Amino acid sequence: MMGACLKTILVRFWLIVGIIAMTLDPLSAAAHPREANSTTIQVVASLAGYSKKDIKIGFVISPSRLSDETFQVYKENHRLATGALEYTGITWGKHVYKITFTSIQKTGNSFTLRSNGASSSPFPIQANVWEQYLDEMTAFYRVQRANVDTQSALPPNYTNTPLSAKGYHQAGHLDDAASPDRTQHYDLTGGWYDAGDYGKYGGNQWVGGMIALSYLRHANAKEVQFDHDHNGTPDLLDEAKVGALYAMKFVDTFGGAVYNIANNAGFDHPEKTTDNIVGTADDRTIGELSIGGSAKAAGMLAATARAFHKAKVDPSFADAAAQRAVIAYNYAYVNQLQNEGSYEAIGGLPNSLLWAEVELYLLTKEQIYKDRAISRINELTKEDLRATNYWDLRPLSLVEFYPEASLVQKVRIRLLLRSRVEYFISMADDTPYGVLDEFTNFGVNEAHMSYIGDLMRYYELFQDPSVLRAAKKGVYWIYGANPWNISWVSGIGANSVKYLHTRLDEQAYDHALAGITIPGALVSGPNIKDTKDKYSVSPWYEDRPLWQDDAQQWRYNEYSISIQVNLLYTMVALAATNSNPQGTGITPMQLPITSPQIGDFVAGDVRVFVQPQGYPLSLTADEEPMQWKNGSYYADVPIDTSQPFAFHRIMVHGTSMLGVDSYSAMHVNTAPDLPAPGSSLLYDDFSGNGTWGAVSLGWPNWYNQDGGTGSFEQTSVDARDVGVFSQRPASESSLAKFEPWKDTVNASGYRYMEVRVKNLSNTNIQARFYAEGGSGYEFSGGYISIPTSWTTLRFDLDQFPGLDKSNIHITLWLKAGTAPGSIAIDNIAYTNENGGGQPTLTQLSVEPKTGTENTNFQFSTTYTDPDNDKPFAVQIIIDGVLHDMVEASASDTNYRDGKLYVYATKLVPGSHRYAIRTADTSTPVVLTPQQEWPQVYPSIGSLLTPPSAETHIESAPTPADDTTHDSELLTMDAGVSAADE
């Protein structure tokens, strides 16, 4: 047992070097980008450029504070101006400085921003830069046109951003589509392929209506009249017509019913996936009925008819579209109790019916549509709305209906729309980049651009300059003013996304030839975590080719007609608007969450700390009321920890004294349990749970040896959710291989892999459980017979001393013999068995017990194990967030007499608490009681008193920080003017 004097010396030693422990904390390093990111200074800007009148901002991103806080603006190699950087603090582990250079009014194509020896990529400044990208926006949809060859859809020189040669293909799926029983054939060619695959989904063909409205709502602007295919019809209307003609086929064929047609292809061009001959066995069939698709089609057809009437183009088509809109609506209205179908809308079918009713009223002026629309609008609350996309057409419907509403209805609609604007602007203020702070396991860009489209439509109605500024900042994020310095729009900008997830890239698996340009394609972008590394930084993005991540590349490099459509609308709106009005507007209070930090791993309830930049009348975190103490608001938020590595978004909501709502978000991840008896690591239970099961991608059969086929499905057997693995052998030597794509699991600390299994049909079927990597490991010792009753197989991983438990890729092989056979697996998990004495954690301590945000707090505990077992980990849980403690002395290997573990960190102002947990892997987890320390106070004494309405009077909203104070920060070089002469 170490003496008290030695312990005191060690604790004091850690007081001196305490902050070092943070850099040795694996959980912290995984959760915080500041420990993982590169040391390079970046200068980033919108690679699409800026219009001459635009607010113009960029960023300098640095791993440490800069001593030189200036920047320069260059045109080619000529310096134009020097300015002062604006320090915004630490975001995602990096120091971020904002560059504002709005007063630069020169035009050209080769501007750069420079600072501290780093330079941005070149970008243009043009009189109306957004107008030059409108052809890319419509080119994207031309590439997505189904059942036509690309040469016909995309004429030569249509766009300045050419489609990659590999993207051109012949007409495919000319045999769309057969009835499910293949006894009938329907002509359902046309429309757009939904995404990088070749599916066509009824609930997502609504985008034609948005394209029509992008023309209709700006019809008086010359910018929307472009006609690059020279057919006499504006290209926006050409594209809206594509969607309308497809919907009209469903109306004519099925009386308004709309069905999905699923993808049937690998990474091949569409003409190679069927024989293109009607009536043969490879014809695609109609799939799920989509009543929601019928309602959305009705709104789309009505909007398209309105746009063609406005343009006075093709009146016979407009009339035909109008007639079909009524039929589609009537079908949806009569059948609204049936299944809505895929791409469902929030709130169900009434959401899509409102869209149809508004557009039909605007088209026909028939009172019945207006009355039904008003009835639905009157039921809406601000909590009902999200952002316009397939999941919510209500914001778009409200904007469209507003000019026709009564005065009372206009007030109501404006408040509803304003609530979403307040939400976006305040959420986008969580970081300097102006991005919607809603990171998930799918890219943020779709939701982000959906809100940006709504902001543009709000601005068109109410001319709020702060809303237009927020929209432009959000667009700059998309085009490169982001920490990855990448434009997520294919072909636009000096560094645009290369590895799009698309079956048009037949070389996607070729290490040398992968990559494709599809002009105007917007990919989904950053996720909360790396799809291949559950411990990665947050948020995460990498432009990674399919061959590196064939299971989940779609989560970050997917594009689709719905991801892109609000970008198209925004580009049209910005081109048509081309202004930068000054003045105040909606300015929600900022609600910075000081703890936890994005990507933190948590265990149990999380104490959330917020320091509002104002005086809220109310403040909640995940609807838990927040309290004031020590200069911060805090609340304890329950977190469901049942699913390891699941992310949870903590939402903070405040209301100012002026009634303006503000929001802020923080994203945390559920930490896995420590490996111990009773704390198994579930890999797959075939019902959507487990580190692999939650991904929901199944176990494909990619390889069969000596002929035969294999198949996998998730189903129910004996009232259990199971995975059924089947083989149809060609001979007795046939083998079928199954694997969870290329997923690996970190089973460190676990001794056994357990598989609950049953032979379903063939007493001769045998299975082999094999771990790939290195020389490979025969967990099952070769092929073993599977019993016909439920049996748990246990494989001892410690029998393979060379096995890297942190990176196990398990595969399953079947050998059925001469007849087809199947096995069912109910559960795959990693486990331990109980044995030995349980360790203890004693002498918990934190020094000092009070301090400020600048204090290094030193936590310590003594770990003792009667069997002298080393701990798998000793982890401190501060306010619910996990950190690995480190051993105070590496030379101390005697755990029987106690060993000191320590952790050092700074903490935000507030009332904190901590507990410590450990496990030796052979006995249950040890968790200490919560300790209500330390107390941390702000270094600015004025923040110790909670703000109140009695002591503070809130001023009117101030101008947003982007209202261009460039004259104060930017100095033009001698002899250089800000504008072209």
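The values are calculated or read from the model by the stated rules, or taken from the named source; none is laboratory data. These numbers come from a predicted model, not from an experiment. A quick note on method: Cβ atoms are made from the backbone with ideal geometry, for glycine too, and the neighbour counts reach across all protein chains shown. Just the protein is used for accessible areas: all its heavy atoms, side chains included, with ligands, DNA and RNA removed. Shrake-Rupley method; radii C 1.70, N 1.55, O 1.52, S 1.80 Å.
Odds and ends about this structure:
- Qualifying positions in the range 38-64 - open to solvent by less than 10 Å² (accessible area, probe 1.4 Å) and not in a strand (DSSP E or B): 45, 46, 47, 48, 49, 54, 55, 56
- Residue match in the range 954-971 (condition: surrounded by fewer than 16 Cβ atoms within 10 Å (Cβ to Cβ) and modelled with pLDDT of 55 or more): yes
- Residue check for residue 421: open to solvent by less than 20 Å² (accessible area, probe 1.4 Å) and assigned to a loop (DSSP other than H, G, I, E, B): no
- Only one entry in 697, 735 is assigned by the TED database to the domain that holds residue 826 and under 22 Å from residue 747 (Cα atoms), namely 697.
- Top-ranked residue in the range 72-124 [being open to solvent by 50 Å² or more (accessible area, probe 1.4 Å) and touching a Pro at 6+ places or on another chain (Cβ under 8 Å); ranked as nearest to residue 479 (Cα to Cα)]: 109
- Condition broken by residue 544, with the remaining ones in (1) crowded, with 23+ Cβ neighbours inside 10 Å; (2) modelled with pLDDT of 95 or more satisfied: (1)
- Pick from the range 249-308, criterion crowded, with 17+ Cβ neighbours inside 10 Å and charged (D, E, K, R), ranking: farthest from residue 197 (Cα to Cα): 306
- Scanning the range 738-792 for residues that are within 32 Å of the chain's Cα centre (by Cα), within 20 Å of residue 699 (Cα to Cα) and surrounded by fewer than 22 Cβ atoms within 10 Å (Cβ to Cβ) returns 739, 741, 742, 743, 744, 746, 772, 773.
To keep it simple, each residue is scored yes or no on (1) more than 21 Å from residue 538 (Cβ to Cβ); (2) in contact with a His (Cβ under 8 Å, 6 or more places away or on another chain); (3) of a type outside the set (Phe, Trp, Tyr).
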residue: 602; (1), (2), (3): no, yes, yes
residue: 613; (1), (2), (3): yes, no, yes
residue: 622; (1), (2), (3): no, no, yes
residue: 643; (1), (2), (3): no, no, yes
residue: 657; (1), (2), (3): yes, no, yes
residue: 663; (1), (2), (3): no, yes, no
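- The set of residues in the range 862-902 that are open to solvent by less than 10 Å² (accessible area, probe 1.4 Å) and over 39 Å from the mean Cα position of the chain (by Cα) comprises 862, 863, 865, 898, 899, 900.
- The listed residue being touching a helix residue (DSSP H, G or I) at 6+ places or on another chain (Cβ under 7 Å) and within 25 Å of residue 346 (Cα to Cα), out of 191, 255: 191
- In the set 507, 553, 548, 564, only one residue is farther than 19 Å from residue 445 by Cβ and in contact with a helix residue (DSSP H, G or I) (Cβ under 9 Å, 6 or more places away or on another chain); that residue is 507.
- Scan the range 547-587 for residues that are surrounded by fewer than 20 Cβ atoms within 10 Å (Cβ to Cβ) and of a type in the set (Asp, Glu) and the total you get is 1.
Yes or no, residue by residue, for (1) more than 23 Å from residue 424 (Cα to Cα); (2) outside the structural domain of residue 446 (by the TED database); (3) surrounded by fewer than 22 Cβ atoms within 10 Å (Cβ to Cβ):
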{"residue": "337", "(1), (2), (3)": "yes, no, yes"}
{"residue": "344", "(1), (2), (3)": "no, no, yes"}
{"residue": "352", "(1), (2), (3)": "no, no, no"}
{"residue": "357", "(1), (2), (3)": "yes, no, no"}
{"residue": "372", "(1), (2), (3)": "yes, no, yes"}
{"residue": "385", "(1), (2), (3)": "no, no, yes"}
{"residue": "407", "(1), (2), (3)": "yes, no, yes"}
{"residue": "412", "(1), (2), (3)": "no, no, yes"}
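- Taking the range 903-948 as the range and being at pLDDT below 95, within 38 Å of the chain's Cα centre (by Cα) and open to solvent by 50 Å² or more (accessible area, probe 1.4 Å) as the test, the residues that pass are 939, 940, 943, 944, 946.
- Leading residue by the ranking (most open to solvent (accessible area, probe 1.4 Å)) among those in the range 592-636 that are among the hydrophobic types (A, V, I, L, M, F, W, C) and more than 16 Å from residue 665 (Cβ to Cβ): 617
- Among the residues making up the range 195-220, a single one is surrounded by fewer than 23 Cβ atoms within 10 Å (Cβ to Cβ) and either closer than 20 Å to residue 251 by Cα or among the β-branched types (Val, Ile, Thr) (or both): 199.
- Residues that are touching a residue at least 12 places away in the same chain (Cβ under 8 Å), open to solvent by 20 Å² or more (accessible area, probe 1.4 Å) and not polar (S, T, N, Q), drawn from the range 147-180: 148, 149, 155, 162, 166, 168, 171, 174, 180
- Scanning the range 431-481 for residues that are under 28 Å from residue 544 (Cβ atoms), among the aromatic types (Phe, Trp, Tyr) and either in contact with a Pro (Cβ under 8 Å, 6 or more places away or on another chain) or outside any loop (DSSP other than H, G, I, E, B) (or both) gives 433, 439, 451, 476, 477.
- In the set 461, 455, only one residue is surrounded by fewer than 24 Cβ atoms within 10 Å (Cβ to Cβ) and assigned by the TED database to the domain that holds residue 267; that residue is 461.
- Qualifying residue in the range 877-895 (condition: touching a Ser or Thr at 6+ places or on another chain (Cβ under 7 Å) and farther than 27 Å from residue 634 by Cβ): yes
- Hey, residue 380 over 24 Å from the mean Cα position of the chain (by Cα), more than 30 Å from residue 541 (Cβ to Cβ) and either in the same structural domain as residue 470 (by the TED database) or surrounded by fewer than 24 Cβ atoms within 10 Å (Cβ to Cβ) (or both) or not: yes
- Scope the range 374-418; condition in a helix (DSSP H, G or I) and small (Gly, Ala, Ser); matching residues: 375, 397
- Against the test of being outside any strand (DSSP E or B), under 25 Å from residue 867 (Cβ atoms) and either in contact with a Pro (Cβ under 9 Å, 6 or more places away or on another chain) or in the same structural domain as residue 644 (by the TED database) (or both), the options 819, 747 yield a single qualifying residue, 747.
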